Amino acid sequence: MKRFALAFISASLALAQPAAAAAPENFAVLEAPAALPEINFTDGAGQPKTLAAYRGKVVLLNIWATWCAPCRKEMPTLDRLQAKLGGSDFEVVALSMDRKGPNAVTKFFAEIGIQHLALNIDTSAKAMFALGTIGLPTTLLIDRQGKEIGRLIGPAEWDAPDMVEFIRNRIAVK
């Protein structure tokens, strides 16, 4: 009888909790959220920004550059993800490391039809090093408190159904 009661309670708890989507391939999820260093960058208008501006939102921080072929390929998928999930609870922050400045990013965004991503840039690339980025693209998933949940090194199909489900699940955690 105790086994039955324990099994029943366990099953009830499992059903009461939203099912956690498995991490997509190559996405390394941390055992516990980790603090991130403060990074500085500018927006398309040249105004200074930090990750603190996004507290309260789940953020997908994509470190990229226009000269990086895999970055260029995945950018439309990030734009579609922002169109699909972006809002008061979630934002894709595409942070360019282009030393040529915002004009290079603006031109690239126009060429490929990016409509939903804001222009963010760090021409010094200090953010990349502060975050321990070893290659481009690198994408960090950041919780509402500004802590890293996990990261993916290399390109991804950010609007693929498994990725969208995984991110939606993280957004649902309040």
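Worth pointing out:
- Net length gained if the chain between Thr42 and Ser88 were fully extended (0.36 nm per residue, minus Cα distance): 14.5 nm
- Projected label distance in nm at Glu31 and Lys73, using a 7 Å step from Cα toward the beta-carbon: 3.4 nm
- Ascending count of other beta-carbon atoms within 10 Å, so fewest first, for Val173, Val105, Val164: Val173, Val164, Val105
- With the charge dipole of the range 24-172 set up from +1 on Lys and Arg Cβ and -1 on Asp and Glu Cβ about the Cα centre, the Cα lying farthest toward the positive end among the listed residues Pro76, Ala32, Gly46 is that of Gly46.
- Using every pair of distinct Cα positions in the range 76-161, the Kirkwood expression returns a hydrodynamic radius of 13.9 angstrom.
- Label zone at Lys107 (point 7 Å along Cα-to-Cβ), backbone N below 14 Å, the range 53-69: 66-68
- Segment Ala172..Ala118, full-extension length gain: 17.1 nm, with 0.36 nm per residue of separation and the alpha-carbon distance subtracted.
- DSSP assigns beta bridges within the chain; of those with both partners inside it, close to 70 percent run antiparallel.
- Helical segments meeting 18 Å axial Cα length and Kyte-Doolittle 1.0 threshold in the chain (DSSP H): 2-16
- In this Cβ point-charge picture (+1 for Lys and Arg, -1 for Asp and Glu), the range 24-172 has a dipole of about 340 debye about its Cα centre.
- Total formal charge among the other residues, if their Cβ is under 11 angstrom from that of Gly132, Lys/Arg +1 and Asp/Glu -1: 0
- Pairs of Lys residues in the chain are counted when their Cα atoms are under 28 angstrom apart and they lie 8 or more places apart or on different chains; the count is 25.
- Most fluctuating residue given options Pro155, Pro48, Pro70, as computed from a GNM of the chain linking Cα atoms under 10 Å: Pro48
- Given charges at Cβ of Lys, Arg, Asp, Glu: the range 11-152 dipole, positive-most of Leu140, Leu119, Gly86: Leu119
Values quoted throughout were computed directly from the atomic coordinates according to the rules given, and no laboratory measurement underlies them. These numbers were taken from a predicted model, which means no experiment stands behind them. With ideal geometry, Cβ positions are generated from the backbone for all residues, glycine too; neighbour counts draw on all protein chains shown.
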